[in-house]
Structures are given as structure tokens and as C-alpha cells.
Amino acid sequence: MIEMTLREIAYVVGGTLHDAPDPDVKVTGAAEFDSRRIGCGDLFLALPGANVDGHEFAAKAIAQGAVAVLAARPVGVPAIVVPPQPHAPSRAIALAHDSDGSGAAVLEPLAKLARASVDRLVAAGGMTVVGVTGSSGKTSTKDLIAAVLAPLGPVVAPPGSFNNEIGHPWTALRANADTRFLVLELSARGPGHIKALTEIAPPSVGVVLNVGVAHLGEFGSHEVIAQTKGELVEALPPTGLAVLNADDHLVARMAERTRARVVTVGQASTADVRATDVVLDEQARARFTLHHNGESVPVHLAVHGEHQVGNALAAAAVALHQGADPATVARALAGAAAVSERRMDVKTREDGVTVVNDSYNANPDSVRAALKALVTMAKAGPAPRRSWAVLGEMGELGEESVLEHDKIGRLVVRLDVDQLIVVGAGRPVRAMFQGAVQEGSWGEEAIHVPDIESAIALLDDELGPGDVVLVKASKSVGLWAVAEHLVEAAR
């Protein structure tokens, strides 16, 4: 964060100084809620959690070098205290708080502090804020944007999918006077959520990837999802840039909702930043030709899956707008491996078994993309390999859940995946299994197991050298235990 005195921070967040003998001492480091990561000059955020209360670690944080604590109550060490206000309206999205309101009491000022820091850094002329949203692919695209912007200057981006009411301001406060680009991922579970996040760190560049069915149960319809995703481009200033997917008509129509300059990306002939001649290698890594303003350069991605082409084009558009040349963008994309864990993380064991760990989260669009990558890996090499899809439930699909799971089961058959293992109980996963069985003459090719342990036991018995295994489900399923076991089992 930008350097501020305790007096300034208290003013910004509407708090009161307690046990702070010197109000003019400065916070010169970061804002951190994990006391184990506190360093000299930091501000400790005393967030209450489900099992522990950050206020209990205030003294430890000060001992480790924190200048002060942002807290909901006095803690006996230097602190900026913002009392609980459980009935006050919140600017941030659906702020999680405990019964006494202390969670909101800390998160609300955290958002205000992030806004003040970002405003000062932008006003100083040295930082550009980039926001990314979409139903799927946000994290991968955020990582690619950070990679292609890195040659132009220091970049701050969240680890993984830290994109909520805590992660968003926390990431914004990682930026300091040296930061050239702040890249943020914006997630939502209902209308108004993205708008609220843009108020914490107003973007000048906004990227919208797609409108799918992720969180359909919470939004209710595609139209509401599109309306919500478009809140990002509505927040852009007239001098800003909106990067829109020309291959998704709901995204392309968002051009009417922004004052910013619009750049379209995709494989459509009308796209401003376009890919042609897309081919996949035996690891499902895409090669294509990137076109922009009459120039063309070859690109070979290091990340896996044809869906990464659109993500790469979005990243390229951002970097090109910031002054990068196409050749530099192509080199950066070629060197951009997967950064965030459990997202198309491909590892090959000594016995030739390839494990595709895409288990961080799942929705119908991302599962379809992962299945296509699986089939490419299995079929594109010099000799066909046996393919396994280990799938669990996709959450937050509402009334469409059973239908969407049925569709995925049927798609597995149509793509000619050799073996499907459906993991878990409940009606949606049963629908996935039955969809596969009913789609063709599948018998033993589709197996339904009750839990992760059963899936691991089956794979340990049945996997053969050279097989390719995709593991994917919503985060709550915890299916990464299967992928991580398979990788470790060969060591």
C-alpha cells in the first residue's frame, strides 16, 4: 500500500486510534491478515474467522514488526479501531460477518483503505488497474495478463482466485509506489457484486471473457449473469479500455454499455485482436497466429486447452493497449506457464501416466473445455492413449443442476473418453452417470463411486502406463485429493 500515517489511516477508515503513542508513525509495508506473514512496517488486519479471531493475534503481530492493527475493538497494542456497526449498509459485496458485526467492521474499512491507496497511486500517474471477469477462465486469464504485462513494469495480481470481499482489497493493498499494473479478478454471486468491487479499486481496463452458466442457481438466468458481468465495463472511464470477447454475443453486446474504447478479441473475422490457424499439440497446447493492426505473429502457448486461446487473446489485447509490441506479447505468452494451483495443472509420471489436475472448481463450460483437452492429449500423440475422466459435482447450478450434469455425462460419451468415474452422492452426480449410460451402449466404461477413497482405490488398480487422467469438480468436493494422490503415488 502507499505509505500512510496512523492518523491518515484512521481518517480514511473512520476509526479511532487506541494505544498509539505516535499517530504520525507510518505504515510502510503491506496490509496482512495472516499473523505468520507479518513483517516490519506492515498493518495487521484483525479479521474474525470461523475458528479463530484475528484480534487474539494482535500482540504477536506487533511483536513481529507490524506498526498497528486494524481492529473492531481495542487490543492492548497500537490499533485503529472501527467499532461494529451491524446495521450499517456495506459498500463491499455480501460482507461476511459474525453475530456482533465485527467482521463487517473490519472488512468495510479495509475496502475504504484499499480505495484510498489505489486512488493515490493512480493519481501519481504510475499505476493502471486492470479488471477481469467472466463465468469461466478468470484466474487463468488474470495470470496470463500479469505475464504479458510484466515486461512493461512491476505487476501485482492476486494469488489463485482470491477475488472476494477480502481478497480484492487485500490484493489492491499489495500495490505500492513501484507498481505499474494492478491486475484484479472480479467474481460475483449476484447483481451489484462486481459494481461494488469496482468501487474498491476502480479499473481503467476491463476484460469480459464470457457469459456461461456458472452460479446459475444464484443468478437465475443468463440475462442476469450478463447484466452483472457488464457492471465491469460500465465502471470504466471514457479514457479506459473494454476488452470484449467477439465470439460470445452476450459479451460483444456489452460494447453498448461502456463509455470506454472497445477492443474485441476472438476467432471471429471481425475481432480486433484475432487468432487464426489454431492447432493443438499432443499436450493440448495451442499454436496460432495472432493478428493485430495488420501485424501477424506466431504464438505457442505453454498452458493447456484450446479454451486458453481466447484467454491469451484477451491478455494480448491488454498488453498491446499498454504499448507492448506483438512480438513481445508472443514471447511472454510462450513463457507463461500455469501459475494458480489446480487449474489445468498437467504432470506426467515416470510410467507415462499424465494427470490433469483441474480440480479447483468446475462449471459446465469449464468441464467441457477440460474434457476436450483430455481427448486431445489422449488422441493427438503418435499412439492413442487411454483417457479417464474423474468428475464430481458442479455446484451452484440451481434448478438446472440435474440437466447440466446429465449433459456432461452424455458429452463424455460423445467425445469418446475411454473411462468415466463419477464421484460422490446426490442427484446431480447420479444424473451425470445416468447420462453417460443412456447416451450410448456404455456399461463398465461408466462407474459411479461413493467417495474420493473409492475413486483412488479404483484408479490405483486400473491405471496403466501412458494413460491420461482428468480430475475435475467444484471446489467443495475436494477432488484434488485424487489428482495429488496419483502424482505422489509414482514417487
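The values are calculated or read from the model by the stated rules, or taken from the named source; none is laboratory data. Note that this is a predicted model, so its numbers are computed, not measured. Note that each Cβ is placed from the backbone with ideal geometry, even for glycine, and that neighbours are counted across all protein chains shown. Accessible surface is based on the protein model in full, side chains and every heavy atom, while ligands, DNA and RNA are left aside. Shrake-Rupley method; radii C 1.70, N 1.55, O 1.52, S 1.80 Å.
Values as computed for the structure displayed
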quantity	calculated
Rounded, prolate or oblate (a/c below 1.5 giving rounded, otherwise prolate when a/b exceeds b/c) for the stretch 137-177 by Cα gyration tensor	oblate
Accessible area (Å², 1.4 Å probe, nearest 10) - GLU223	120
For the stretch 111-182: rounded, prolate or oblate by the Cα gyration tensor [a/c cutoff 1.5]	oblate
Sequence-distant residues sharing a close amide H with LEU70 (under 5 Å, placed H)	PHE44, LEU45, ALA46, ILE80
Relative contact order of the stretch 323-475, pairs being alpha-carbon contacts under 8 Å that are 6 or more residues apart, as %	32
Rounded, prolate or oblate (a/c below 1.5 giving rounded, otherwise prolate when a/b exceeds b/c) for the stretch 378-485 by Cα gyration tensor	oblate
Ellipsoid semi-axes in whole angstrom, largest first, where each is sqrt(5λ) of the Cα gyration tensor of the stretch 1-77	18, 14, 11
Normalised contact order of the stretch 199-302, rounded percent, pairs of Cα under 8 Å and 6 or more residues apart	19
The chain, relative contact order [Cα under 8 Å, separation at least 6], %	10
Computed helical MRE - 222 nm, the chain, DSSP H runs ≥ 4 contributing -39500 (n - 2.57), nearest 500	-10000 deg cm²/dmol
Highest average packing first - 361-367, 261-267, 459-465, Cβ atoms within 10 Å	361-367, 261-267, 459-465
Carbon/sulfur fraction of accessible area - the chain, other protein chains in place, 1.4 Å, %	50
For the chain, accessible area per residue (1.4 Å probe, heavy atoms of protein chains only), Å²	40
Fraction of antiparallel bridges per DSSP, the chain only, in percent to nearest 5	35
